[in-house]
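One structure is given here, and the rest of the page talks about it.
The values are calculated or read from the model by the stated rules, or taken from the named source; none is laboratory data. Bear in mind the structure is a predicted one, so any value in this text is a computation, not a measurement. Here the Cβ positions follow ideal geometry from the backbone for every residue, glycine too, while neighbour counts run over all protein chains shown.
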Amino acid sequence: MKNIFTPPEIQFSGVNKRVKWFRDKMEPYLAHPIKILVVVWVGYAILDGILTQFSSVPSRGFVFGLITVILGFFSSAIYFFWMIPSIFYSSSTRLILGASIVAVLLISLIKYFLFSFFEVDIGSLGVFLIYELERQIAFLILTLGIWGFYALSKSLLEKGKTEIDLDRLHIEHKIVQLSPHFSLNLIGGLATKALKSSPEIAQDLENMADVLGYAYVDPTKFNPLSGEIKAICSYLHSQKVRFEDQLFLKKRISTDLLELNQLYMPKMILLSLVDNIFKHGDYKDPHHPVFIEARMVGAMTPDACFYFRTKNRIQSKLPVKPSGFGIPTITNLLDFYFPGFSLKIEKDSHWFSLNLMIPYGEENPNWPNR
């Protein structure tokens, strides 16, 4: 329930006019983020000089301020480019964090010797260390704010580009859909005509139409497990029509899966794994047929698990050029939608086997709405 403490919604669209204006102005700085630090530190130096000039606070002199600003800038650069990014992005956080601390300590040591060389009154070493610790904490907080501003600006820039690309894809998708829709309608008409003279050909056409139609289902909508399984069955039927007696396949696909309309499966996940068999596998070996299994254990219970297995020999020919939708992509999608999944792959020069387990005990909040 909204109240006076609820902040207003903000449109963080990358193509929002005000956001676009801000993004365009910031783009040169985002390409070279060192410019952001320079602008901020020049502004800091000017503001500090004005406040010192017109306030009653005692000043330690121009040399003190100059050394503090210059070395403070270098400390800020270390925080900005090394320390803070390592916390969020790097896999070697401890190493980079340690190197950053050593670099800042070295800068502080240089500052101490410069103050001593120019005879700047800084008190005892203990007083200097306390003062320097306070300054470095202030510099870190300042740099963290700058880095957060930079990260937000960068994300808005990337978001704007992504939204433009998405709009372009929508247009291209509409154009591409014209031909498939025509083909699907034509295949459907041919299947209807063939039904009277040849039911077998009509069934072949219907299976081919099912595969083509499934490929153009909106991937952002809820896709049931039953739909993916049906597409696999139609795909395998079409491959059998294509290769006839040259295709050697053993499949154990439970027909009960065709009834599980309430369980989610990201579109093309399983079908891509099956399709990879026909891209890279040897499916024409009568002594080593392709094996595909799909089954559900404990359906509609808290312990429900879906199992999917494939095993095939690998072609000795040159590998097919990857499509980009491979095992890493599938793994990322599975991890997002099914955090408890298990995917085990065994591969050598002759064989490839895959074992996938997906727990379906409860719905994941990442699933699209039905």
Mind checking which residues of the range 65-88 are farther than 14 Å from residue 41 by Cβ, at pLDDT below 90 and either touching a Cys at 6+ places or on another chain (Cβ under 8 Å) or not β-branched (Val, Ile, Thr) (or both)? 86, 88
Quick test for you: out of 92, 86, 75, 100, pick the one residue that is surrounded by 14 or more Cβ atoms within 10 Å (Cβ to Cβ), among the hydroxyl-bearing types (Ser, Thr, Tyr) and more than 19 Å from residue 134 (Cβ to Cβ). 86
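Residues checked against (1) in contact with a Leu (Cβ under 7 Å, 6 or more places away or on another chain); (2) among the polar types (S, T, N, Q):
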{"site": "37", "(1), (2)": "no, no"}
{"site": "41", "(1), (2)": "no, no"}
{"site": "55", "(1), (2)": "no, yes"}
{"site": "76", "(1), (2)": "yes, yes"}
{"site": "89", "(1), (2)": "no, no"}
{"site": "113", "(1), (2)": "no, no"}
Considering (1) outside any helix (DSSP H, G or I); (2) within 22 Å of residue 45 (Cα to Cα), say which one residue 91 fails and leave the rest. (2)
Examine the range 59-67 for a residue that is in a helix (DSSP H, G or I), polar (S, T, N, Q) and surrounded by 11 or more Cβ atoms within 10 Å (Cβ to Cβ), and state whether such a residue exists. no
Does any residue of the range 41-54 turn out to be within 22 Å of residue 119 (Cα to Cα), of a type in the set (S, T, N, Q), touching a residue at least 24 places away in the same chain (Cβ under 8 Å) and surrounded by 12 or more Cβ atoms within 10 Å (Cβ to Cβ)? no
When restricted to 103, 138, 151, the only residue among the hydrophobic types (A, V, I, L, M, F, W, C), in a helix (DSSP H, G or I), farther than 26 Å from residue 65 by Cα and under 38 Å from the mean Cα position of the chain (by Cα) is 151
Report the residue count in the range 214-241 for those that are surrounded by fewer than 17 Cβ atoms within 10 Å (Cβ to Cβ) and at pLDDT 80 or above. 4
